[in-house]
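Notes follow the structure.
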Amino acid sequence: MTGERSTAGQGTVAHEMARLSEAARAVQALWDDTPRVGLVLGTGLRGLADAIERGTVVPYEDLPHFPLPAAPAQQGGLICGALEDVPVLAMQRRLHRYEGYTLAQVAFPVRVMRLLGAEALVVTAACGAMNPLWAPGDVVVLDDHINLMGDSPLVGPNLDDIGPRFPDMSAPYDPALQELATRVALSQGTALRRGVYAAVVGPQLETRAEYRMLRRMGVDVVGMSTVPEVIAARHAGMRVLALAVVTDMCLPDALEEVEIEAIVATAQAAEPTLTGIVRGVLREALWSE
């Protein structure tokens, strides 16, 4: 019985590696460059894609085994091009657990990026803040996280060709990239916040009691994304920088109702600042050290 289980696991690994390789080859067939950095663009923060000098945009539906957007109107694709003369692959639309995807599906594009050669991952996100000293529009560089999604993209047989069974997560967010982002932001007139991100499933926003719990756990900001991609990237040996825009305040004793339109508008207002920081970081090419 043990042998049968082992064989089944090996078959699952081989199947998943074949799926990833097939998706990577589909990108290579349309784009002849090698990405150095992968970009994941968060809610209301997709305008960064406009700054990319595009070689091509590959719709997700043209990529074998890529998870497709849950709603037909929500188009998604991989943008293949260059930003600050750095070859990049950018997700035009990220995936969320609350849409019904598994965390392995959420992580699939990041793993394809790694197979194609990306050495680093830059993730952007919108978030709610529980730190009373912060305000909407602030940009936060993440230095740690708490995974409250109840799952991991690494559950199941390990993909040994990508990373180890038990990857270390003592520093999920690269300290040198954090420092670089902070310096770049200051040079552009922005003081970055630094904090801990909690990832929850959603799609409902949190209750007052849940915000109190998160704050007592040492959480500064909360959102419904980022952590699965970061886990997959670190498993694959990629350096990670994550920048989150505060879109609403989550203060349990002064909590106000929030509409998604306001969240998106706040993120979009902060987008020029975020774009400037990401471009400045890419100019330094620090991930290659």
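Descriptive notes on the structure:
- Meets criteria (surrounded by fewer than 20 Cβ atoms within 10 Å (Cβ to Cβ) and modelled with pLDDT of 95 or more) for G117: yes
- Considering residues of the range 212-229 that are surrounded by 22 or more Cβ atoms within 10 Å (Cβ to Cβ) and over 16 Å from the mean Cα position of the chain (by Cα) only, the residue nearest to V246 (Cα to Cα): D220
- When the criteria are applied in full, T182 meets the requirement of being open to solvent by less than 40 Å² (accessible area, probe 1.4 Å), out of contact with any strand residue (DSSP E or B) (no Cβ under 6 Å at 6 or more places or on another chain) and closer than 12 Å to V140 by Cα.
- First in the range 156-169 and open to solvent by less than 100 Å² (accessible area, probe 1.4 Å), second anywhere and of a type in the set (F, W, Y) and in a loop (DSSP other than H, G, I, E, B), Cβ under 8 Å, 6 or more apart: none
- Of all residues in the range 86-98 being more than 15 Å from Q28 (Cα to Cα) and touching a residue at least 40 places away in the same chain (Cβ under 8 Å), the one that is nearest to the chain's Cα centre (by Cα): R94
- Test for T226: is it within 22 Å of E119 (Cβ to Cβ), in contact (Cβ under 8 Å) with a residue 40 or more places away in the chain and in contact with a Cys (Cβ under 9 Å, 6 or more places away or on another chain): yes
- Flag if L39 is surrounded by 15 or more Cβ atoms within 10 Å (Cβ to Cβ), touching a strand residue (DSSP E or B) at 6+ places or on another chain (Cβ under 9 Å), modelled with pLDDT of 95 or more and not hydroxyl-bearing (S, T, Y): yes
- Strands (runs of 3 or more DSSP E) fully within the range 42-92 counting 2 or more residues that are open to solvent by 50 Å² or more (accessible area, probe 1.4 Å) and at pLDDT below 85: 53-59
- Single unsatisfied condition, I263 versus (1) buried (at least 24 other Cβ atoms within 10 Å of the Cβ); (2) modelled with pLDDT under 95; (3) among the β-branched types (V, I, T): (1)
- Selection within the range 230-242 - surrounded by fewer than 24 Cβ atoms within 10 Å (Cβ to Cβ) and not in a loop (DSSP other than H, G, I, E, B): R234, R239
- Of the criteria (1) assigned to a helix (DSSP H, G or I); (2) open to solvent by 50 Å² or more (accessible area, probe 1.4 Å); (3) modelled with pLDDT of 90 or more, which one S6 fails: (3)
- Residues located in the range 192-206, provided they are open to solvent by 70 Å² or more (accessible area, probe 1.4 Å) and free of Cβ contacts under 8 Å to residues at least 60 places away in the same chain: R194, Q204
The values are calculated or read from the model by the stated rules, or taken from the named source; none is laboratory data. Keep in mind that this is a model prediction, so the values were computed, not measured. Because the Cβ atoms are built from the backbone with ideal geometry, glycine has one as well, and the counts that use them run over all protein chains shown. Just the protein is used for accessible areas: all its heavy atoms, side chains included, with ligands, DNA and RNA removed. Shrake-Rupley method; radii C 1.70, N 1.55, O 1.52, S 1.80 Å.
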